[in-house]
Amino acid sequence: MTISTVNNGSGKYSTPSIFKRYKIRFTRFWHLYTDSPFGMIGMFLVLLFVTMGVFAPILAPYDPNKTMVGERSDNPSASHPLGTDRLGRDIFSQMIYGAQISLLIGLSAAFISLFIGTLFGLISGYYGGWIDIILMRITDFFIQLPALPLMLVVVSLFGGGMENLILIIGLLGWTGTARIVRSETLSIKQRAFVEASKSVGAGNRHIISSHILPNVFPLIFANAILGVVNSIIAEAGLSFLGFGVVGSWSWGRVLYEAGRENAILLGAWWHFIPPGISIMLLALGFSLISFSLNEVLNPRLRER
Amino acid sequence: MSLKGYISRRAFDSGFLLILTVIFNFVLFRVMPGNPALAVLGRTGQVRPEFRQVLQERYGTNLPIFDQFIIYIQRLLEGDLGVSFYYYPTEVSELIFGHRLLNTILLMGISILLSFILAIIFGTIAASKFKSKTDLVSIFVTLTSYSTPVFWLGMLIIFYFFGQFHLIPLSGSPRIEDPKYADIFAWAIDYCYHLIGPVTTLTISFVGAWFLIARDQMLGIFLEDYITTARAKGLKERRVLFTHARKNAMLPMISVLAMAMTYLVSGATLTETVFSWDGLGLLTFDAVTYSDYPLLQGLFLLVAAVAIVSSFIADIIYAYLDPRIRY
């Protein structure tokens, strides 16, 4: 995108402010994005679950931890739309609160991955040489380790809990980002504007933060959103195996409880179908956004 | 760089990674909270005092950490992975390299092969109809399958195909030693019957992950000149697709397959748990549940080693097929 001058209305052409340049870029991007039906479906799904999570205390009819004696293992009814579990807790309320945990863990873990991956990629690609070799060896090492077994090992050593879960998922998901950022940095640092900046005496830190990072960012954005999908699914898997956050309800934990109560064999579909569909739809929402972003931000695909 | 030079450089890298993995594996199990000397013995109170004594002699947990590392390496070189806590006094190597390894390799091997073929076929078809309805629908379907937690898919398959339609058995993996089998064929048939559920689950999930990669590769290749030439020559579209284009798209898929090789031994913990498939994935789950650290350490080392070796082999094949890689 080469918008260097705009008509400022008085008939003269001038270079627009940075703010204006970004606004133009964003408007263009937004038009392309809203054209994509996948992107819009994805955004609708994500907003739906964000609303569900934010307003959970209002939307949920009961406290998800409240046990109701005399209403144990109930079938769906008007007062309990998805029935109750073996301790008499309302499954529908657990589902509503589940959106909070899944979103929280998914987004924060993906943010950690994005941060580490970008840092590794930028440094590795920009400085090259020995730093590049060492950092990429570390990246290779983590790429080759299978994620779930490693997560299980770490959880069993350091215990579960919200912070640990976010850290574990985040610390194991940055390798893809690091690779992409590195290769982008390699190509951007060859461009003329970086050379120009160097020739007027700009420092490495300045070049990285104000020339390379802004150019790398759009491309890693789609990748970062896919990181949210992976984190949501990883959390669900760990919680399903019983290593989730104790005390708070995630969809993975609802499924863990359903498994313990033999809901499948008892035919209690209301206990395991809705949480699974929720995980699927939320993850699908982010996947669709990521896919559309890739199409919009990756010009190679758009030109075809 | 010659192919030989490239191989020796990659061999050096892989050896380095392998050493790093061994060190990582040693350190990881000693940095856990609590008394580091007791770490290898599991959390205090979970191990009976009598074999704490035995283990102390064996691992030298009362010695300085560097000496412990030397002992660990010595044992490892002798092929000794230690004794399981939970299955005491069974050796870890005995637990890993037995029927469980075979179960996992069969389950994962069949699923990976099936998914690989399906992903390439679907990817080719979708790419050839770029931006058509077929393309969009298949993207939507595979994104959905990518977003579906694999264990939940397994639960659904059990619910419908076992619970409602009675098409598959509930769970488990038949053992050949079981006296109820008259001969090896009776066992083999029952074994395959039990494989249907987990293989279906894993295949759907793998295809979801690989379809887009295959499609992307094919799209890139359709822009190449030799495809235009092939079409201009008047070759049938199917021939262009499956002989000219597919061969070249296979190249990057090799690295996908190399990643999948690791699953051959890591197993699919979630799927194996849902279907009670007695493989290494289920063993990992048990090891974590019972804090069986020596077992966990052994499993982890095996998986990491296979990951490193398979990526080394993939790189060599890749460099052999595409000389540009070597530079």
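Structure data summary
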| item | result |
| --- | --- |
| Highest-MSF residue in chain B out of B:Val303, B:Val240, B:Val256 [GNM, Cα springs under 10 Å] | B:Val240 |
| Segment B:Ala186-B:Tyr86, extension gain: residue separation times 0.36 nm, minus the distance between their alpha carbons | 32.7 nm |
| Mean Kyte hydropathy of -0.5 or more with a Cα span along the axis of at least 24 Å, helices from DSSP in chain B | B:3-28, B:99-128, B:184-222, B:246-266, B:293-321 |
| Debye equation applied to the C-alpha atoms of chain A, log10 I(q)/I(0) at 0.07, 0.10, 0.12 Å⁻¹ | -0.37, -0.69, -0.89 |
| Cβ-derived FRET efficiency at R0 35 Å, A:Val200 paired with B:Ile125, nearest 0.05 | 0.05 |
| Value at 222 nm in deg cm²/dmol, rounded to 500, when DSSP H runs of n ≥ 4 in the protein assembly as shown each add -39,500 (n - 2.57) | -23000 deg cm²/dmol |
| C-alpha center-to-center spacing [region A:224-267, region B:261-327] in angstrom | 23 Å |
| FRET efficiency for B:Tyr226 and B:Lys133, using Cβ-Cβ distance with R0 set to 25 Å, rounded to 0.05 | 0.30 |
| Semi-axis lengths (Å, descending) of the ellipsoid that matches the C-alpha gyration tensor of region A:131-280 | 43, 16, 12 |
| The protein assembly as shown: C-alpha gyration tensor shape, a/c 1.5 cut-off, then a/b vs b/c | rounded |
| Where trypsin sites (Lys or Arg not before Pro) fall in DSSP loop in region B:75-149, at most 14 other Cβ within 10 Å | B:Lys129, B:Lys131 |
| At 0.692 mPa s and 37 °C, Stokes D of chain B from Kirkwood alpha-carbon radius, µm² per second | 144 µm²/s |
| Computed E for A:Arg191/B:Leu113 - FRET, C-beta separation, R0 41 angstrom, nearest 0.05 | 0.40 |
| Chain B: relative contact order in percent, alpha carbon pairs under 8 Å with at least 6 residues between | 27 percent |
| Length-normalised contact order of chain A in % [C-alpha pairs under 8 Å, at least 6 apart] | 24 percent |
| Distance between region A:38-93 and region B:168-193 - C-alpha centres, whole angstrom | 42 Å |
| Virtual spin-label span in nm between B:Ser291 and A:Glu71, 7 Å along Cα→Cβ | 3.8 nm |
| Nitroxide proxy distance, nm - points 7 Å out along Cα→Cβ at B:Tyr193 and B:Leu20 | 4.9 nm |
| Loop-located trypsin sites (Lys or Arg not before Pro) in region B:185-251, at most 11 other Cβ atoms within 10 Å (DSSP) | B:Lys233, B:Lys236 |
| Projected label distance in nm at B:Leu63 and A:Tyr127, using a 7 Å step from Cα toward the beta-carbon | 3.7 nm |
| Distribution of pairwise C-alpha distances over region B:246-290, 5 Å bins, in % | 6, 21, 20, 15, 12, 10, 9, 5, 2, 1 |
| All lysines inside 16 Å of B:Lys131 as judged from Cα atoms, apart from same-chain residues fewer than 8 positions distant | none |
| Rule-of-thumb Rg ratio for region B:201-326 [Cα; 2.2 N^0.38 Å; N residues] | 1.43 |
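All of the numbers you see were taken from the coordinates with simple rules; none came from a lab. Bear in mind that the values here come from a model prediction, so they are computed numbers and not experimental data. All Cβ positions, even for glycine, are placed from backbone atoms using ideal geometry, and neighbour counts span all protein chains on display.
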